[in-house]
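Pasting a structure here, questions to come.
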Amino acid sequence: MRVVENAEELGRIGADLVTEVVGARPAASIVAATGRTPMGLYAELAARRRSGVLDTTAISTVQLDEYLGLERDDRRSLFGWMRRSFLEPLGVSDGRVIRLPLGGDLEEACAAFDRGLEARGPFDLAILGLGRNGHLGFNEPPSHPESSTRMVELSPSTIEANARYWGNGADVPTTAVTLGMRHLLSARAIVLLVSGTSKRTIVHRALEGPVGPGVPASFLQDAANDVTVIVDRAAWADR
Ligand code: F6R
């Protein structure tokens, strides 16, 4: 775990790690969370790309989660947010984005999607944020480590937290699709970014508390692969 001074350093250290992964594997498959926490990291990656330090021409990106029931081009689309903050600044074209299923027979579509993921092998990198309730993606508590890509009901805590993005709680969709825990936990490298005082309680529970479905991020304690948690001082202050 790395404790950093502030959100800016969080972005810089996170970008160092991503730059290292992409340097070693130029065609890396990368899960890129939305939410506020990774925005500094993505801006830093874009700056490095512009200055020629980072070559993202061969990476592919995997969508982590999306609300259900939105019209195309709805301002609240998490894919739209990902496009603005990650795909466009890094020059990742649509053909190099793996998007979640959102319609039709969703259960079957998610199962087919997971079969496709399994055929491709583990993600090279998952860039994740931490929910105030311990979620990763929209794997709301309780979520098991073997859980697959699926439709979920958002918890009241997540709806309240997401109201910061869109205005108020009534603007937040109540259902979503998320990559399952098993795909996230099997990524070759995982970077969990945690920033701000609102994460103080949960970050300690996730990293030091008992491991279990009540705090899905706690399963990172048992993940066999390369997990880096970067926490800023606001989140990691003495309790
Ligand atoms: C967003 C996502 C969520 C967020 C988490 C933290 O795609 O998957 O798990 O990463 O809710 O959100 P922020 O960073 O806004 O505190």
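The values are calculated or read from the model by the stated rules, or taken from the named source; none is laboratory data. Owing to the predicted nature of the structure, the values given are computational and were not obtained by experimental measurement. All Cβ positions, even for glycine, are placed from backbone atoms using ideal geometry, and neighbour counts span all protein chains on display. Accessible surface areas use protein heavy atoms only, side chains included; no ligands, DNA or RNA. Shrake-Rupley method; radii C 1.70, N 1.55, O 1.52, S 1.80 Å.
Return the only residue of I13, I30 being away from the ligand (no atom under 15 Å from the Cβ), within 23 Å of S186 (Cα to Cα) and not in a loop (DSSP other than H, G, I, E, B).
I13
Continuing with this model, one more query. Among the listed residues L78, L64, L100, L87, which satisfies the condition of being closer than 20 Å to P26 by Cα, buried (at least 16 other Cβ atoms within 10 Å of the Cβ) and within 14 Å of the ligand (Cβ to nearest atom)?
Values: L78 fails: closer than 20 Å to P26 by Cα; L64 fails: closer than 20 Å to P26 by Cα; L100 fails: closer than 20 Å to P26 by Cα.
Residue meeting the stated conditions: L87.
Now for a different question. Being part of a strand (DSSP E or B) and within 14 Å of the ligand (Cβ to nearest atom) is the filter; apply it to segment 119-149 and report the residue that is farthest from V191 (Cα to Cα).
Filtering segment 119-149 for residues that are part of a strand (DSSP E or B) and within 14 Å of the ligand (Cβ to nearest atom), the one farthest from V191 (Cα to Cα) comes out as N139.
Mind checking which residues of segment 157-194 are part of a loop (DSSP other than H, G, I, E, B) and open to solvent by less than 30 Å² (accessible area, probe 1.4 Å)?
Passing the criteria: V172, P173, L179, G180, A187.
Looking at segment 116-133 only, could you name the residues that are open to solvent by 60 Å² or more (accessible area, probe 1.4 Å), within 28 Å of G11 (Cα to Cα) and hydrophobic (A, V, I, L, M, F, W, C)?
Correct list: empty.
Checking Y42 against (1) closer than 21 Å to P173 by Cβ; (2) within 16 Å of the ligand (Cβ to nearest atom); (3) surrounded by 13 or more Cβ atoms within 10 Å (Cβ to Cβ), which single condition isn't satisfied?
Result: Y42 fails condition (1) only.
Pull out all pairs, ordered by first then second residue, where Cβ-Cβ is under 6 Å, the residues are six or more apart or on different chains, the first lies in segment 150-167 and is without any contact (Cβ under 8 Å) to a residue 12 or more places away in the chain, and the second is away from the ligand (no atom under 11 Å from the Cβ) and part of a loop (DSSP other than H, G, I, E, B).
These pairs meet every condition: N162/V172; A163/V172.
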